[in-house]
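Since the structure comes first, as structure tokens, the remarks are kept for the end.
The values are calculated or read from the model by the stated rules, or taken from the named source; none is laboratory data. Quick caveat, the model's predicted, so the values are computed rather than measured. Heads up, the Cβs are rebuilt from the backbone with ideal geometry, glycines too, and the neighbour counts pull from every protein chain shown. Side chains are part of the model used for accessible areas, which takes the heavy atoms of the whole protein and leaves out ligands, DNA and RNA. Shrake-Rupley method; radii C 1.70, N 1.55, O 1.52, S 1.80 Å.
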Amino acid sequence: MAKVELKKPIVEEISAVIQDAQSVVLVDHRGLTVEQDTELRKQLREAGITYKVYKNTMMNFAFKGTDFEALIPYLEGPSALAVSKEDATAPARVLCKFAKTANALEVKGGVVEGTLYDAKGIENVSKIPSREELLSRLLGSMQSPVANLARVLNQIAEKGGASECEAAPAAEETGYGGGDMDGLDDENLRILQELDMAGAPPKEEPADVPSKKEKKKKEKKMKKEKKPKEKKVKEKKPKKPKKAKAPKEKKPKKAKPVDLSPPLPKAPVILIFIMAVSGTLFILLSSNLLGYSASIKEARQAYASMDYVEAYRQIAGVEPKAEDEEFAGRLLLLAGVQGELNNANALYDSGQFTMALDAYICALGRYDANCPDAAAYGAQAEYDVLASEVTAQMSEKFGVSAETAREIYGLSDRTEYTRRVYHIVKALGLIS
């Protein structure tokens, strides 16, 4: 009953982490150095990804009944999960990119938007652009037609617009030009239109004897018919040439007022510019130097208190000067072993015994691999103290000697390595 009560809060924590998650990716982080692990956590944190290390049995309980239950078969060996609740492809993108430079990091599989992917599938998902990149591409495609239209309109405006076409005068339906119609009243125009009809003779009047009124109308009509004929003969005379219009004189443009103010002297302007640039560079260099000095000072204080992990964190990402290179190399070695030791202690306290033993073994293996470098950097004494602490914790908690740990660490078969660690923990009754 006590074990169940201890496990329940961890299972609830994992359930809260994966709740409403867009994607969850499992990785095997065994073999990463402290520097690599710190850098990986930094990149994941900057991408808004939650990265946690839990015991497989705890994740097994938390995954059941959720969209991530399909990941249970991948819970073998040390496992860490990367969770994103906003960008579904972010964990795959960051982890696969980091794995290219850190071969020890192994991607096991993951669930992205409800779909299970193996290691190969997660690698394919990592190639999908981020949401921000896709939005920027969409915006660019939407802006392209508008930009092209604006460019065309601008070119038209610069060229002065399209040339105007001169409209040719339409011919009159009656066949007479404007000059031929001058001086004719409406009645004469009507008569001319009747004469131009398609050869149709005028309608004959009835043979009845016309009255006096009708005779008068006929006489008037005949007189009117004679007038246009006379006018037509007159209009055939050559037209007088039109007088050429004198070209209009363009009004002279108003002259712009001349700026009589004296130009700025070049020498003072150049001097002011050089002073501004120099001041900016001085501020940047000063801030960098002050930041570097503060980091080195804090790192030495942490080193004096034997907190090597914190000391290394203070100078991580800083290019050490020549006089500080030996100190930085010493911190790298010591922080690597102490980081594994701290990780092992934390895992043991949280009940993740298999992963704790793995961390102790890795800490001792790292000590053996870097012992010659520790002597070269003058850190052999501090290095031996850390190795003694690792051996003592491993022997006290798991009954594993340094020789046995070195034997297990030297196994090239990863499956055999996991099996040996698992059987040691199970033999102690630490696995239910």
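A few notes on this one:
- For Cys96, solvent-accessible area (1.4 Å; no DNA, RNA or ligand), Å²: 20 Å²
- With the simple model of a label 7 Å out from the Cα in the direction of the Cβ, Glu219 to Arg406 spans 15.4 nm.
- Pairs from the list Lys52/Lys97; Lys42/Lys297; Lys7/Lys85; Lys52/Lys108; Lys8/Lys108 with a Cα-Cα gap above 21 Å: Lys42/Lys297; Lys7/Lys85; Lys8/Lys108.
- Remark: accessible surface ordering of Ile272, Ile424 (largest first) is Ile272, Ile424, probe radius 1.4 Å.
- Note that region 303-378 presents 42 Å² accessible area per residue, ligands and nucleic acids not counted, probe 1.4 Å.
- Farthest toward positive dipole pole in region 280-395 [+1 Lys/Arg, -1 Asp/Glu at C-beta], among Ala381, Phe327, Asn370: Phe327
- For Lys108, the residues whose modelled amide H falls within less than 5 Å of its own, excluding neighbours fewer than 5 places apart on the same chain, are Leu26, Val27, Asp28.
- Cα gyration tensor shape for region 291-380, rounded if a/c is under 1.5, else prolate or oblate: oblate
- Sequentially through region 377-384, phi angles give Karplus couplings (6.51, -1.76, 1.60; θ = phi - 60°) of 8, x, 10, 5, 4, 5, 5, 5 Hz, Gly and Pro residues having no value and appearing as x.
- With contacts taken as Cα pairs under 8 Å at a separation of at least 6 residues, region 331-413 carries a relative contact order of 32 percent.
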